[in-house]
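The values are calculated or read from the model by the stated rules, or taken from the named source; none is laboratory data. No experiment lies behind these values; they were computed from the predicted model shown. Here the Cβ is made from the backbone with ideal geometry for all residues, glycine too, and neighbour counts use every protein chain on show. Ligands, DNA and RNA are excluded from the accessible area calculation, which covers all protein heavy atoms including side chains. Shrake-Rupley method; radii C 1.70, N 1.55, O 1.52, S 1.80 Å.
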There are 2 protein chains.
Amino acid sequence: MASKSAPRATYAEIAKTAGVSEATVSRVLNGDENVHPDRTKAVNAAVKKLGYKKHRAASALASGRTGLIAVVIDDDLSIFADPFWATVTSGISRVLMENELQTLLMVTPLESVDGPVAHYLMGGEVDGAIFFQLHKDALIKRLRKQNLPIVITGTPHSRSDFPFVDTDSFGGALAATKHLFSRGCKHVGIITGDIDTTAGAARLDGYSQAYRESGHVPSKKLIAAGDWSMESGRAAMARLLEKGEGIDGVFTSNDLMAVGAMAAIEEAGLRVPEDIKVIGFDDSVVAQTARPALTSVRQDIVALGEAAAELMIAQLRGEEVEPRILKSELVIRETA
Amino acid sequence: MASKSAPRATYAEIAKTAGVSEATVSRVLNGDENVHPDRTKAVNAAVKKLGYKKHRAASALASGRTGLIAVVIDDDLSIFADPFWATVTSGISRVLMENELQTLLMVTPLESVDGPVAHYLMGGEVDGAIFFQLHKDALIKRLRKQNLPIVITGTPHSRSDFPFVDTDSFGGALAATKHLFSRGCKHVGIITGDIDTTAGAARLDGYSQAYRESGHVPSKKLIAAGDWSMESGRAAMARLLEKGEGIDGVFTSNDLMAVGAMAAIEEAGLRVPEDIKVIGFDDSVVAQTARPALTSVRQDIVALGEAAAELMIAQLRGEEVEPRILKSELVIRETA
DNA sequence: CGATTGCGCGAAACCGCTTTCACGAAATCG
DNA sequence: CGATTTCGTGAAAGCGGTTTCGCGCAATCG
C-alpha cells in the first residue's frame, strides 16, 4: 500500500559508493571483525550518507533471524484491567528496542499445543518468546525442545530449568508480616491468593515463616483463602472476623483483596488501622487511592520486564542464564 | 538459534506433490480467483498434508507486505499504571490476529520526526500504525504523506482527516451532569482534565451543554482545573469548596480525580453522597474499589481497541474510512 | 628461499515467496 | 470458419540481504 517516496537504499548502492563488494558491506554491518578499518570506515560513511536502513524482511529471509520477540499473554485473567502486565510489557519493550529487537504482542488464549499461536511460535517467525503466567506449560516445554529461547515472567510450577524472572513474593510476605508484629499485632491473619499459583503459595510461605521466626503461635483459623479479587478479600475477611480469634492485623496477598478486606472491617464496625492493621501486596494504584492509604509490598514492575528482556537477550547471545528474583520493598502508608 | 527439527515445507514441495507450478501455489494461497477448482483443491490438499505454513519473511520480502501493524505508545503519560491503554491494546491485538496480522508494540518517547521510531515506521517495516495519544502530530502527518495507513486512538487536535476512534466524551459528560441535576443537585461543579487534550475539552463541553439545557445558570466559580491526577482532584475540590458556592455535586473528568475529590470532601467534614454527589469518568478499577463506590461514565475500552483495528484493516483493504465514536454509558453506584 | 599458513575480500549461490510475462487452449466474434 | 479475446498456467526474474567458497597476497615456517 505504502508508496516508496524515498526509494530505499540497498547494499548495491552502498557497495558502489564505498567501493567494496556487497559481502563486505554485510560484514561491516554485522560487526565482523575481519575487515580492514579503511573499508569499514568507507562503508559506514556510505551508510550514513545514503541514510541506509537495513530491510528486516530481507535480512530475516537470508539469515533466519527475524529480530522479533513474542510477548505472549494468556488472555484469561491477564491484561484486562490489570495494569501489572502492561507495565511489565513496557519494560520489556524498552530493553528490546535498545537491542534492535521488536516486541510482538500476542494476547490470546493459549489453547492447545497446536493452536495457531503455537504454530506461529514454532514456525520460526520469532527469535524468542516471553510468557506471562503459566497454568499449563506443555506448550512451553515443546517450544523449548525446539530450541526457541524462552523466558517466563513469574515462577513456573514445574521446577524445570526454564529461565524465569519474578518478584520475591516470599520475602515480601515475610517482611510484611514481620512489620505487623513489630507494630504490636498479636494475631496476624492472612488472606491468600489462589494457592495454585506459585505466587499465591510463596506469599503464604512467607507469612508462615514470619510466624515461625517471631515465636508466636500460628493458628489455622487465621488463614483464609481468596482468589485475588476484591470480593473474595471482603468475604475472606468477614470469615476471619467471625472466627473470633481476636485478629488485629492482616496481610492480604494483593491490594485488591486488601481493599475488600478493609470494606469488611469497616462493615463490622471496626477501624483500620486502629483496630486492625492491613498490608497489601503490589503497591498498585489501588493502594494509593484507598482510604486510608494502603501499606503494601512494592514490586518494581518495570524492572521485572527489563530483567525478562535481558534474560532473553542473553539467551540470544548463547549465554547460559540463571533465573532472576527481584527484591520487593515495603511501602508504609496509613494502614499499618 | 532455533534448530529446524522439522525442515519446513516450501512452495517447491507443495508444487511437486500437487502437480502444479509454484506460481499456482502462490495464487491459491493468496486467494486468486482465476485458478481451476481442481488445482485449487490439489494445492490445498498438499498444504494440509505437508503442514505447510507460509514463511513471513520471504513473503514480506517478495510482496512488500509485512503483516505487521505497529501500535505506538508515546511513553510519557501512558502505559505505566494506566490499565486503559493495555486494555485497548488487547482489543486491537485480538482483532488483528483474527485477520492474520501481528501486533508490533512500540513503547517509546515519540521524539522528533526522525527518531528511530519514525525511521522504522517510514522504512516499510510495518503495514500500518495505530497511535495512542496525540500531543504532536507532526510525525503522523509525515507518515500519512507516505501513504502509511494510520489510525489514532483518541481524538486528534488538528481536524485533519486522520482516521480515528474515540469514546463519546462529550455525551458521557453531558449524561453525567444531567444525572446530577436529576438527583436534585443545584450547584454542580466540574473538575476538568488537562484542557489541552481533546478529551479534557470535550468533557468540559459536555458539562457546559448540560447546564445550558437544564436552564440552570452556570458559574465560572464551579469550574476547577485538574490534570487527571488524584492529587490534582483533591486540590481542585478544595478550591471548589472554598469558593462557597454551595456546591452539592461534582463531575470529575476521570476516576482518579474523583477519588481525590472525595478525599477533599471528607477532609472538609462533608459526606458523599449526602452532602455532595460525585461522578467520575472511565469506570476504572479505582471506581469499583472506592468507598463509597464511585458512579462513573463507562467506556467500552476493549471495543475501542477493536474499532481501531477494524479501521486499520479497512484501510489495508483500500476502503475509505470514517472516524468512529463509541457510546459511553453511565454506571450508577453509590456516589450519585 | 621455496613451501605452508592465515587473512581479507569478492563472486555467486541462496533464502522462500510474489509477480510479470508470454504462451497455448478455449471461448467469442465477424 | 478464420481471427480476436479471454483464461489458466508455468517459466523465470526478482525482492535485499547473508554466507559459503576460494583466490591472491602477505606473514610465517623449515
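Do we find that A:V217 is under 25 Å from A:L326 (Cα atoms) and among the β-branched types (V, I, T) in this structure?
Numbers: under 25 Å from A:L326 (Cα atoms): no; among the β-branched types (V, I, T): yes.
Answer is no for this residue.
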Could you please let me know if B:D255 is within 14 Å of chain A (Cβ to nearest Cβ) and within 26 Å of B:G305 (Cβ to Cβ)? yes
Write out, first by first residue and then by second, each pair whose Cβ atoms fall under 9 Å of each other, whose residues are 6+ apart or on separate chains, and whose first residue, in segment A:272-286, is away from chain B (no Cβ under 13 Å) while the second is open to solvent by 20 Å² or more (accessible area, probe 1.4 Å) and of a type in the set (S, T, N, Q). A:F281/A:S328
Search result, residues across segment A:8-28 that are more than 7 Å from DNA strand D (Cβ to nearest atom) and either within 14 Å of chain B (Cβ to nearest Cβ) or acidic (D, E) (or both): A:E13
Identify the single condition in (1) open to solvent by 60 Å² or more (accessible area, probe 1.4 Å); (2) touching an Asp or Glu at 6+ places or on another chain (Cβ under 8 Å); (3) modelled with pLDDT of 95 or more that B:I332 does not satisfy, given that it satisfies every other one. (2)
Every listed condition ((1) of a type outside the set (A, V, I, L, M, F, W, C); (2) closer than 28 Å to A:L326 by Cα; (3) touching a residue at least 12 places away in the same chain (Cβ under 8 Å)) holds for A:S208 save (3)
Any chance A:T295 is surrounded by 24 or more Cβ atoms within 10 Å (Cβ to Cβ) and modelled with pLDDT under 95: no
Is it fair to say B:K178 is farther than 19 Å from B:R324 by Cα and either open to solvent by less than 10 Å² (accessible area, probe 1.4 Å) or assigned to a loop (DSSP other than H, G, I, E, B) (or both)? no
Contact list, first residue from segment B:26-38 and under 14 Å from B:K54 (Cα atoms), second anywhere and within 10 Å of DNA strand C (Cβ to nearest atom) and open to solvent by 100 Å² or more (accessible area, probe 1.4 Å), beta-carbon distance below 7 Å, six or more apart or interchain, is none
Subset of segment A:8-46 (residues that are near DNA strand C (Cβ under 9 Å from one of its atoms) and in contact with a Gly (Cβ under 9 Å, 6 or more places away or on another chain)): A:R39
Subset of segment B:301-332 [within 13 Å of chain A (Cβ to nearest Cβ) and without any contact (Cβ under 8 Å) to a residue 60 or more places away in the chain]: B:A314, B:R317, B:G318, B:E319
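Given the criteria open to solvent by 30 Å² or more (accessible area, probe 1.4 Å), assigned to a loop (DSSP other than H, G, I, E, B) and not assigned by TED's automatic domain parsing to the domain that holds A:A175, does A:E320 qualify? I'd like the intermediate steps shown before the answer.
Details: open to solvent by 30 Å² or more (accessible area, probe 1.4 Å): yes; assigned to a loop (DSSP other than H, G, I, E, B): yes; not assigned by TED's automatic domain parsing to the domain that holds A:A175: yes.
Yes.
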Looking at A:A62 and the list (1) of a type in the set (A, V, I, L, M); (2) under 36 Å from the mean Cα position of the chain (by Cα); (3) more than 13 Å from DNA strand C (Cβ to nearest atom), which single condition is not satisfied? (3)
For segment A:47-59, enumerate the residues that are within 13 Å of DNA strand C (Cβ to nearest atom) and open to solvent by 70 Å² or more (accessible area, probe 1.4 Å). none
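For segment A:97-139, enumerate the residues that are part of a helix (DSSP H, G or I), within 14 Å of chain B (Cβ to nearest Cβ) and open to solvent by less than 20 Å² (accessible area, probe 1.4 Å).
Narrowing segment A:97-139 to residues part of a helix (DSSP H, G or I): A:97-98, A:116-122, A:138-139.
Subset that is within 14 Å of chain B (Cβ to nearest Cβ): A:97-98, A:116-122.
Scanning segment A:97-139 gives A:V117, A:A118, A:Y120, A:L121.
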When you go through (1) within 14 Å of chain B (Cβ to nearest Cβ); (2) aliphatic (A, V, I, L, M); (3) open to solvent by 60 Å² or more (accessible area, probe 1.4 Å) one by one for A:I195, which number turns out not to apply? (1)
